[in-house]
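Colleague: Can you read through this structure? Questions will come right after.
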Amino acid sequence: MDEASAMQGKPPCVSVIVTTYKRAKLLAETLDSILVQSFTDFELIIVDNMSEDGTGEYVTGIDDPRVRYFRNANHGVIAVNRNFGIQQALGKYVAFCDDDDLWLADKLKQQVKLLEQHADVALCYAQAESFMGDKTLAARMNRREVRANHFFQLLRGNFFPNSSVLIRRDVFEELGMLTEDASLREDYEMWLRIAVRHRLMGVEASLIRYRVHPTNVAGNRTAETLRAIRTVRSVASKLDIPPYLVWPNIGFQFLKYLFYRLASR
């Protein structure tokens with residue numbers, strides 16, 4: 001909802017969900033990048049994992065009727081609060097943004113236009129620019145371009161930046177919510193379940209800025225790749241995906257795991 005729609009009680013076009021925990025300073029930058037979007041018909045749902053660092057005071061002080069603030073304990077499982085946000089959502093579309101990432105001003109405008117033009121597309125994602133501090137590390141983090149089947153490409157690994165996706169809300173009504181199994185990658189698991197049933201599209205432009213932290217290096221990638229392997233096995237089992245499609249891709253991801261493990265030593 002834009003500000004006028006919010007005042008009139010009309011449902012928004014997009015529900016933007018930001019989960020956060022003890023990142024008040026970074027969160028301020030993130031929310032600023034969302035609230036200045038050129039597309040204004042959205043609500044901004046912030047789900048705070050009971051932070052005690054001034055997050056609540058900051059968010060409740062934002063003078064914008066589109067902002068909705070909730071406190072909910074997730075006990076270390078971020079999917080719990082993403083699902084909580086989805087349950088509060090009123091929009092036709094749902095977008096996620098991590099509490100340390102940034103959106104470019106036309107992010108929502110471009111993606112809403114794409115989904116409005118393609119009624120058969122369930123999810124739209126975009127490229128991401130990576131940065132650390134004031135330095136841009138890469139103009140495009142992912143160079144994979146998909147022209148046909150996203151599901152087969154996703155089996156090789158997740159290449160959708162979580163903060164870039166825009167999803168039709170009725171997809172969650174059809175397929176269920178994000179997995180809350182902490183041994184899996186909840187976003188990757190959801191993308192796979194959507195991709196096996198629906199058409200997906202990507203925007204080749206970088207519409208978000210992904211913040212790289214000093215701790216976000218090979219050691220973290222090692223653990224995340226193991227979770228990705230478990231995720232592929234879990235989805236393949238649930239959806240009865242033929243082994244000849246699954247195991248070569250698990251093998252590819254295992255090679256990545258070995259590389260990251262060696263790099264982290």
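Just so it is clear, none of the values below were taken in a lab; they were calculated from the coordinates. Remember, it's a predicted structure, so these values are computed and weren't measured experimentally. Positions of Cβ are generated from backbone atoms using ideal geometry, with glycine treated the same way; all protein chains shown enter the neighbour counts.
Colleague: When the Kirkwood hydrodynamic radius is evaluated over all pairs of different C-alpha atoms of region 160-265, what value in angstrom, to one decimal, is obtained?
Modeller: The answer is 15.4 Å.
Colleague: Sort 131-142, 92-103, 192-203 by the packing proxy (mean of other Cβ within 10 Å over each peptide's residues), most packed first.
Modeller: 92-103, 192-203, 131-142
Colleague: Out of residues 5 or more away from S51 or on other chains, whose amide H comes under 5 Å of its own, with H placed 1.01 Å from N in the peptide plane?
Modeller: Those lying under 5 Å, H to H, from S51 are K22.
Colleague: Also: With an 8 Å cut-off on Cα pairs and a minimum separation of 6 or more residues, tell me the relative contact order of the chain in percent.
Modeller: 19
Colleague: Another question about this same structure. Over the alpha carbons of region 59-216, what is the largest minus smallest coordinate on each principal axis, giving the biggest first in Å?
Modeller: Taking the Cα atoms of region 59-216, the three principal extents are 45, 41, 35 Å.
Colleague: Projected area of region 214-265, taken from the Cα convex hull and averaged over every viewing direction, in nm²?
Modeller: Details: hull surface 14.2 nm².
So the mean shadow area of the Cα hull is 3.5 nm².
Colleague: Per DSSP H run of at least 4 residues, take -39500 (n - 2.57); add these up for the chain, divide by its residues and hand me the 222 nm value, nearest 500 deg cm²/dmol.
Modeller: Mean residue ellipticity, 222 nm, calculated: -12500 deg cm²/dmol.
Colleague: Restricting to bridges with both residues inside the chain, how much of the DSSP beta-bridge set is antiparallel, in percent to the nearest 5?
Modeller: Percent antiparallel among DSSP bridges in the chain is about 30.
Colleague: State, to one decimal in nm, how far the label point of A105 lies from the label point of R140, with both points 7 Å from Cα in the Cβ direction.
Modeller: Each label point is offset 7 Å from its Cα along the Cβ direction, giving 2.3 nm.
Colleague: What's the extension gain from N149 to R197 if we count 0.36 nm per residue and subtract their Cα-Cα distance? Mind showing how you got there, number by number?
Modeller: Values: separation 48, 0.36 × 48 = 17.28 nm, distance 1.08 nm.
Additional length available on full extension: 16.2 nm.
Colleague: Further, regarding this structure: Work out the length of the dipole vector of the chain about its Cα centre, built from +1 on the beta-carbon of each Lys and Arg and -1 on the beta-carbon of each Asp and Glu, and round it to the nearest 20 debye.
Modeller: Dipole about the Cα centre, nearest 20: 1240 debye.
Colleague: Between L104 and residues 5 or more places away or on another chain, which pairs have amide H atoms under 5 Å apart, with H built 1.01 Å from N, and which residues are they?
Modeller: I208, R209
Colleague: Something else about it: Helix by helix through the chain, keep the DSSP H runs that span 27 Å or more along the axis on Cα and average at least -0.5 on Kyte-Doolittle, and give those back in order.
Modeller: Qualifying helices: 218-239, 243-263.
Colleague: In terms of modelled amide H atoms, which long-range or inter-chain residues lie less than 5 Å from the amide H of F96?
Modeller: I17, V165
Colleague: I would also like to ask the following. Which of the peptides 57-65, 119-127 is most tightly packed, and how do the rest follow, judged by the mean count of other Cβ atoms within 10 Å per residue?
Modeller: Order by mean packing, descending: 119-127, 57-65.
Colleague: Then there's this: Could you size up the charge dipole of region 214-265 around its Cα centre, putting +1 on the beta carbon of Lys and Arg and -1 on that of Asp and Glu, and report it in debye to the nearest 20?
Modeller: Value, rounded to 20: 160 debye.
Colleague: May I ask you to derive the FRET efficiency for F254 and K10 from their Cβ-Cβ distance with R0 = 45 Å, giving the value to the nearest 0.05?
Modeller: Details: r = 50 Å, r/R0 = 1.10.
Efficiency for this residue pair is about 0.35.
Colleague: So, one more: Any lysines with Cα under 20 Å of the K25 Cα? List them, leaving off those in the same chain fewer than 8 positions away.
Modeller: Straight-line reach from K25, under 20 Å: K135.
Colleague: Pairs of Cα atoms under 8 Å, at least six residues apart: use those to get the relative contact order of region 136-220, whole percent.
Modeller: Relative contact order of region 136-220: 36 percent.
Colleague: For M50 and L262 in the same chain, what is the full-extension length gain: residue separation times 0.36 nm, less their Cα-Cα distance, in nm?
Modeller: Here the answer is 72.6 nm.
Colleague: Treating the Cα atoms of region 85-170 as identical point scatterers in vacuum, please give the log10 of the normalised Debye intensity I(q)/I(0) at q = 0.13, 0.19 Å⁻¹, two decimals.
Modeller: Here the Debye-derived log intensity ratios amount to -0.49, -1.02.
Colleague: For the chain, take every pair of Cα atoms, bin their distances at 10 Å starting from 0, and report each bin as a whole percent.
Modeller: Cα pair-distance distribution for the chain, in percent: 7, 29, 38, 21, 5, 0.
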